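Structure first, then comments.
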Amino acid sequence: MAINQKVLEEMLNQYPSKVKRNRKKHIIIKDSALARQEIEANTRTIPGIITNRGCAFAGCKGVVLGPLKDVIHIVHGPIGCAFYTWGARRNKAKSEDPTKNFINYCVSTDMQESDIVFGGEKKLARMIDEVMEIFKPNAITISATCPVGLIGDDLQAVAKAAQEKHGIPILAFNCEGYKGVSQSAGHHIANNGLMEGVIGQGDWEEAPGKYPINILGEYNIGGDSWEVERILKEIGYTVIAVMTGDGSYEELKNAHVAELNLVQCHRSINYIADMLETKYGTPWLKVNFIGVQDTIDSLRNMALYFGDPALIQKTEEVIARELARVEPILGQYKKICQGKTAFCFVGGSRGHHYQGLYAELGIETVLAGYEFAHRDDYEGRDVIPEIKLDADTKNIPDLHVTPDERRFRLKISPERMEELKKKIPLSNYKGMNIEMKDGSIIVDDLNHFETEEFIRLLKPDIFSSGIKDKYVVQKMGIPSKQLHSYDYSGPYAGFNGAVNFARDIAMAFTSPTWNFITPPWKNEPLLEGIIAEG
Ligand code: CFM
Ligand code: HCA
């Protein structure tokens with residue numbers, strides 16, 4: 001059944017009227033006949049509503065900083081916050097030097113009641129000394145949790161003194177969980193800190209190889225960046241830094257020499273992409289390495305940017321070879337998946353990124369959305385004339401980068417930039433709303449009540465989201481695929497990733513499990529039945 005405005009109204013009528021008014025602005029039924037469809041995003045979740053969102057600390061320490069492997073990440077706060085951002089997110093890392101890979105450690109000041117009462121600065125300083133003695137990392141980050149902000153520990157002062165004492169970069173992040181409305185505020189804080197304290201600190205003036213690029217917003221979940229790097233290196237690119245999947249302080253400090261920044265996850269890293277453009281004149285290119293066609297389009301755009309005929313030819317050779325290898329396998333899985341429908345609700349970019357891959361398997365995404373994205377991720381950066389100041393950007397100003405701070409030559413002249421922009425979407429992003437089909441539902445900050453209601457109405461064949469709603473949905477008899485952790489599978493990026501994803505989705509459909517579950521609506525009156533009578 002398709003959902004029209006009347007059905008949507010009926011569903012929302014179950015809310016108190018104030019809540020209904022609020023939630024209505026976060027849900028749209030795609031209609032390309034309308035000039036523009038605005039969606040409310042990045043605003044506070046109504047207290048009492050069960051949301052999938054995380055906090056600023058999760059976005060800063062857990063998402064952006066955590067994957068840097070040669071750095072010890074100290075969580076200054078109670079142990080629960082440290083545990084939450086350790087081990088659950090599947091940012092994999094390996095290192096040639098095993099003494100410089102701390103990815104499996106969980107380091108925390110483990111604040112106790114007495115520390116909260118008397119202050120935790122001394123404990124933090126002692127912990128830094130201990131970390132230096134035991135691990136000798138290349139750098140240290142300190143991330144603040146809520147209580148630390150409330151008692152007013154001066155993290156910046158402790159970090160500064162420790163940096164002078166130990167002679168390595170020690171960066172403090174005031175990313176207390178309560179800042180902003182979701183993990184998005186934490187991404188912004190982490191981006192600013194990395195730009196100020198790490199990127200550009202290295203002494204490279206030039207890249208050590210041809211076609212130097214950075215991959216921004218790629219966190220190596222389930223090994224994704226290894227697959228992307230496999231393809232890019234084969235074509236001939238020099239990957240300077242990945243931000244931050246399987247990344248390191250050592251790579252990141254020289255990231256300014258890249259000639260193009262690829263942006264995989266726009267939401268979590270657009271700030272660094274924009275700041276690199278302002279400071280070093282390096283444009284960024286929105287890419288998507290999820291899905292075969294999107295991978296191919298991204299590779300072709302990259303080749304066009306550098307414009308070298310040999311690179312363009314090599315790109316085509318690699319594409320042709322990879323396609324010949326994966327297409328027959330994908331074809332087999334497509335037979336199982338064809339004609340099915342999916343919900344695709346993830347944090348800030350995967351809700352959009354996976355739709356092409358689903359479509360390649362013959363699966364239509366009928367509902368999608370983001371937990372915490374901003375309007376530009378929905379409506380596109382070129383469509384919104386003036387992005388509304390929101391809860392994050394109001395409180396966290398971007399670092400001001402003046403033109404005289406530009407230490408290096410501009411990577412691209414303004415004329416060349418204009419010329420290239422006509423061919424490829426440089427420094428621009430087309431959001432989710434642009435690409436979804438008419439009649440499909442787009443929901444911002446989907447909650448558990450709406451999840452159940454939309455499932456009853458649309459009965460998708462597969463639900464993709466995260467750990468917080470997976471099992472509720474499976475108990476409704478619908479297979480569920482975690483698109484955060486990949487249910488401990490992956491990689492899902494690139495050509496090999498598409499095959500893994502197709503295999504896992506086909507397996508979900510063919511599992512006999514679903515025959516043993518009776519979905520609630522088999523025994524209860526259907527909601528749409530009630531609406532139809534009324
Ligand atoms: Fe970017 Fe991410 Fe995502 Fe994200 Fe996340 Fe993640 Fe995600 Mo979970 S950085 S916005 S804050 S793509 S951790 S690797 S899966 S919600 S859609
Ligand atoms: C986070 C991390 C998370 C959670 C995943 C989930 C991740 O938000 O702090 O809810 O399943 O990808 O690990 O997004």
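Let's see how each residue does on (1) in contact (Cβ under 8 Å) with a residue 12 or more places away in the chain; (2) of a type in the set (K, R); (3) assigned to a helix (DSSP H, G or I):
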{"site": "V181", "(1), (2), (3)": "yes, no, no"}
{"site": "N192", "(1), (2), (3)": "yes, no, yes"}
{"site": "P208", "(1), (2), (3)": "yes, no, no"}
{"site": "K233", "(1), (2), (3)": "no, yes, yes"}
{"site": "I240", "(1), (2), (3)": "yes, no, no"}
{"site": "G247", "(1), (2), (3)": "yes, no, no"}
{"site": "I269", "(1), (2), (3)": "yes, no, yes"}
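The set of residues in segment 242-271 that are within 16 Å of ligand 1 (Cβ to nearest atom) and among the small types (G, A, S) comprises G245, G247, S268.
Only one of the listed residues (G497, G490, G431) is under 27 Å from the mean Cα position of the chain (by Cα), within 16 Å of ligand 2 (Cβ to nearest atom) and crowded, with 18+ Cβ neighbours inside 10 Å. That residue is G490. With respect to the conditions (1) touching a strand residue (DSSP E or B) at 6+ places or on another chain (Cβ under 7 Å); (2) assigned to a helix (DSSP H, G or I), A303 lacks only one, and its number is (1). When the residues of segment 280-322 are filtered to those that are basic (K, R) and touching a Ser or Thr at 6+ places or on another chain (Cβ under 9 Å), the one that is nearest to L232 (Cα to Cα) is R300.
Residues that are within 13 Å of the chain's Cα centre (by Cα) and surrounded by fewer than 23 Cβ atoms within 10 Å (Cβ to Cβ) within segment 219-231 comprise just one, I221.
Which one of the conditions (1) crowded, with 23+ Cβ neighbours inside 10 Å; (2) assigned to a helix (DSSP H, G or I) does L216 fail to meet, given that it meets all the rest? L216 satisfies every listed condition except (2). Determine if segment 49-72 includes at least one residue that is more than 16 Å from ligand 1 (Cβ to nearest atom), part of a strand (DSSP E or B) and buried (at least 18 other Cβ atoms within 10 Å of the Cβ). Yes, segment 49-72 contains a residue that is more than 16 Å from ligand 1 (Cβ to nearest atom), part of a strand (DSSP E or B) and buried (at least 18 other Cβ atoms within 10 Å of the Cβ). Taking the criterion of being away from ligand 2 (no atom under 13 Å from the Cβ), closer than 30 Å to A33 by Cα and either in contact with a helix residue (DSSP H, G or I) (Cβ under 9 Å, 6 or more places away or on another chain) or of a type in the set (V, I, T) (or both), the residues of segment 452-487 that qualify are E452, E453, F454, I455, R456, L457, K459, P460, D461, I462.
The residue that is farthest from ligand 1 (Cβ to nearest atom), counting only those in segment 438-483 that are at pLDDT 95 or above and small (G, A, S), is G439. Scanning for something out of contact with any strand residue (DSSP E or B) (no Cβ under 9 Å at 6 or more places or on another chain), in contact (Cβ under 8 Å) with a residue 12 or more places away in the chain and open to solvent by 60 Å² or more (accessible area, probe 1.4 Å), does segment 435-447 turn up at least one residue? There is at least one residue in segment 435-447 that is out of contact with any strand residue (DSSP E or B) (no Cβ under 9 Å at 6 or more places or on another chain), in contact (Cβ under 8 Å) with a residue 12 or more places away in the chain and open to solvent by 60 Å² or more (accessible area, probe 1.4 Å). Consider segment 375-398 and keep the residues that are at pLDDT 75 or above, assigned to a loop (DSSP other than H, G, I, E, B) and within 16 Å of K286 (Cα to Cα). The one that is least open to solvent (accessible area, probe 1.4 Å) is G380.
Provide a single number: the residues in segment 58-81 that are at positive phi and out of contact with any strand residue (DSSP E or B) (no Cβ under 8 Å at 6 or more places or on another chain). Count: 0. Across segment 37-54, which residue is nearest to E452 (Cα to Cα) among those that are of a type in the set (A, V, I, L, M, F, W, C) and touching a helix residue (DSSP H, G or I) at 6+ places or on another chain (Cβ under 7 Å)? For segment 37-54, the residue satisfying everything is I50. Looking across segment 85-99, just one residue is assigned to a loop (DSSP other than H, G, I, E, B), within 12 Å of ligand 2 (Cβ to nearest atom) and polar (S, T, N, Q), and that is T85. Here segment 14-63 is the region considered, the condition is being among the small types (G, A, S) and touching a Lys or Arg at 6+ places or on another chain (Cβ under 7 Å), and the residue that is nearest to ligand 2 (Cβ to nearest atom) is G62. Just one of the listed residues (G209, G222) is within 16 Å of ligand 1 (Cβ to nearest atom), at pLDDT 95 or above and more than 30 Å from K160 (Cβ to Cβ), and it is G222. If you scan segment 74-84, which residues turn out to be in a loop (DSSP other than H, G, I, E, B) and open to solvent by less than 30 Å² (accessible area, probe 1.4 Å)? Scanning segment 74-84 gives a single hit, G77. Collect the residues in segment 500-520 that are closer than 13 Å to G477 by Cβ and within 34 Å of the chain's Cα centre (by Cα), keeping them in residue-number order. Listed by number, the residues that qualify are A508, F509, S511, P512, T513, W514, I517, P519, P520.
Count of segment 346-373 residues, restricted to those that are surrounded by fewer than 24 Cβ atoms within 10 Å (Cβ to Cβ), within 16 Å of ligand 1 (Cβ to nearest atom) and assigned to a strand (DSSP E or B), is 1.
The values are calculated or read from the model by the stated rules, or taken from the named source; none is laboratory data. Here the structure is a predicted model, which is why all the values come from computation and not from measurement. Cβ: placed from backbone, ideal geometry, glycine included. Neighbour counts: every protein chain shown. Calculation scope for accessible area: heavy atoms of the full protein, side chains included, ligands and nucleic acids excluded. Shrake-Rupley method; radii C 1.70, N 1.55, O 1.52, S 1.80 Å.
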